[in-house]
Amino acid sequence: MLILCLVVLTACHSKPKTPFRILKSEKIANGAKLGVLVNSRINKQQLVDIAAYIKSDSSQYNNLQLDFILPGNSYENKGGVIVYATATYHDKAVIAPADTVKDNDNNLLSFEFMGFTPEKAKQLLTLNPQDMADKQLLGRFIDDGTKTISLIYEDKHTDGQLYILELDSIGKVIAAIQPMEVTARGIKKMVVSQQGDYMVLKDSILTMYSSADYDKPFRSLKQNL
């Protein structure tokens, strides 16, 4: 019902060219909190334009928080979604110190990249450690929650042995794993810890599972975002 109201209220406002979709809404004090899916890492102005479109003519919401998320995330995951950026309109009667951004309708809001900016992500996606040069890269997966990027390789010269490298934001390797591959019920699992934590790579989505709950996804990331 809340999502339907927002669609009606924004009908008179010019829709941003950047695609987006509201995935989830929940009530907060004097307002609403929305999960907004965008197709890729877009810049601050594009995100603010989307925020302004949703905010337009929604005066009944004194507080409106927009959490932007990237494809691959799911609210069904036990670990929840990773928020890539957030924009918040506060009650006009109580302007917060963080409200330093103006949208095209001259409304003040606060904005923050919780994860990597498009520029930084582009840089991270060029990383390719030299010692992996002779191995096939299967995918790069940026985790805005842990501020890391995971690279998965396959060595065809050693019976397809997989390697997972986790790098920090400056490209330093902080974890190197040779996962044990296990197939269970037709699903290929990459076991990455002695406790039994594992990952599944399918359709460009890397899904992580905790040993505490083998069948419930914990976190999921889409390749090359």
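The set of residues in the range 172-201 that are under 25 Å from L127 (Cβ atoms) and among the small types (G, A, S) comprises A175, A176, S193.
What number of residues within the range 118-172 are among the hydrophobic types (A, V, I, L, M, F, W, C) and under 28 Å from K44 (Cα atoms)? Within the range 118-172, residues that are among the hydrophobic types (A, V, I, L, M, F, W, C) and under 28 Å from K44 (Cα atoms) number 10. When N43 is tested against (1) touching a strand residue (DSSP E or B) at 6+ places or on another chain (Cβ under 6 Å); (2) at pLDDT 80 or above, exactly one condition is not met: (1).
Table: residues versus (1) over 23 Å from D215 (Cβ atoms); (2) under 24 Å from the mean Cα position of the chain (by Cα).
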site	(1), (2)
K122	yes, yes
Q136	yes, no
I142	yes, yes
T148	yes, yes
Y153	yes, yes
I164	no, yes
V182	no, no
Q195	no, no
M199	no, yes
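Residues of the range 190-201 that are touching a residue at least 12 places away in the same chain (Cβ under 8 Å) and under 21 Å from T148 (Cβ atoms): M190, V191, V192, S193, Q195, D197, Y198, M199, V200, L201. Considering only residues that are surrounded by 12 or more Cβ atoms within 10 Å (Cβ to Cβ) and touching a residue at least 60 places away in the same chain (Cβ under 8 Å), which ones fall in the range 209-223? Listed by number, the residues that qualify are S210, K216, P217, F218, R219, S220, L221, K222, Q223. Screening N106, N62, N77 for residues that are outside the structural domain of S204 (by TED's automatic domain parsing) and within 22 Å of T18 (Cβ to Cβ) leaves exactly one candidate, N106.
Restricting to the range 148-196, give me the number of residues that are on the phi > 0 side of the Ramachandran plot and surrounded by 12 or more Cβ atoms within 10 Å (Cβ to Cβ). The number of residues fulfilling the criteria is 2.
Taken over the range 72-102, the criterion of being surrounded by 16 or more Cβ atoms within 10 Å (Cβ to Cβ), out of contact with any Pro (no Cβ under 8 Å at 6 or more places or on another chain) and either closer than 30 Å to D213 by Cβ or not hydrophobic (A, V, I, L, M, F, W, C) (or both) is satisfied by G72, N73, V81, I82, V83, Y84, A85, T86, T88, Y89, H90, D99. Only one entry in Q123, Q60, Q130 is under 30 Å from I149 (Cβ atoms) and either in contact with a Pro (Cβ under 7 Å, 6 or more places away or on another chain) or modelled with pLDDT under 95 (or both), namely Q130.
Listed by position, the strands (runs of 3 or more DSSP E) contained in the range 113-225 that have at least 2 residues being more than 29 Å from D67 (Cα to Cα) are 136-143, 148-155, 161-167, 173-177, 180-184, 187-191. Residues in the range 1-40 that are aliphatic (A, V, I, L, M) and part of a loop (DSSP other than H, G, I, E, B) were compared, and the one that is modelled with the highest pLDDT is A29.
The values are calculated or read from the model by the stated rules, or taken from the named source; none is laboratory data. Nothing here was measured: the structure is a model prediction, and the numbers come from that model. Heads up, the Cβs are rebuilt from the backbone with ideal geometry, glycines too, and the neighbour counts pull from every protein chain shown.
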